[in-house]
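Student: Below is one structure. I have some questions about it.
Every read-out reported here was derived from the displayed coordinates using simple, explicitly stated rules and does not represent laboratory data. In this text the structure is predicted, and so the values were computed from the model without any measurement. Here the Cβ positions follow ideal geometry from the backbone for every residue, glycine too, while neighbour counts run over all protein chains shown.
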């Protein structure tokens with residue numbers, strides 16, 4: 001186990017699939033929130049967006065949804 005990371009990660013990124021959607025959106029969010037993860041990104045290929053949660057002191061401090069757009073345009077977060 002020397003090659004294994006044993007601490008709490010700063011950032012976790014999940015890519016949603018049909019079979020893990022509910023688990024990633026609810027259960028894992030709560031698990032990461034309570035374990036001290038600072039940011040949790042959920043990439044949703046179906047909706048073509050990324051949800052970014054900022055976590056602090058076991059609470060959701062902020063979240064933003066970034067929508068996909070044409071590759072030549074920068075996109076602003078949905079508020």
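Student: Which entry in [x] 43, 27, 25; [y] 53, 24, 15; [z] 48, 20, 17 matches Cα extents along the principal axes in Å derived from the coordinates of this structure?
Tutor: The value matching this structure is [x].
Student: Would you order 62, 3, 44 from fewest to most other beta-carbon atoms within 10 Å of each residue's own beta-carbon? Mind showing how you got there, number by number?
Tutor: Values: 62 10, 3 4, 44 18.
Placing the least packed residue first, the sequence is 3, 62, 44.
Student: Under the rule of -39500 (n - 2.57) per DSSP H run of 4 or more residues, summed and divided by the residues of the chain, what mean residue ellipticity at 222 nm is obtained, to the nearest 500 deg cm²/dmol?
Tutor: Working: 1 runs with 8 residues, N = 79.
Calculated from helices alone, the mean residue ellipticity at 222 nm is -2500 deg cm²/dmol.
Student: Residue 68 label point, 7 Å along Cα→Cβ, cut-off 11 Å on backbone N: hits in region 34-50?
Tutor: 44-50
Student: Could you grab the relative contact order for the chain? Cα pairs under 8 Å, six or more apart, rounded to a whole percent.
Tutor: Details: 121 pairs, mean separation 17.7, N = 79.
RCO, the chain: 22 percent.
Student: Also, I was wondering about something else. Could you tell me the distance between the Cα centroids of region 45-67 and region 1-21, to the nearest Å?
Tutor: The two parts, judged by their Cα centres, are 16 Å apart.
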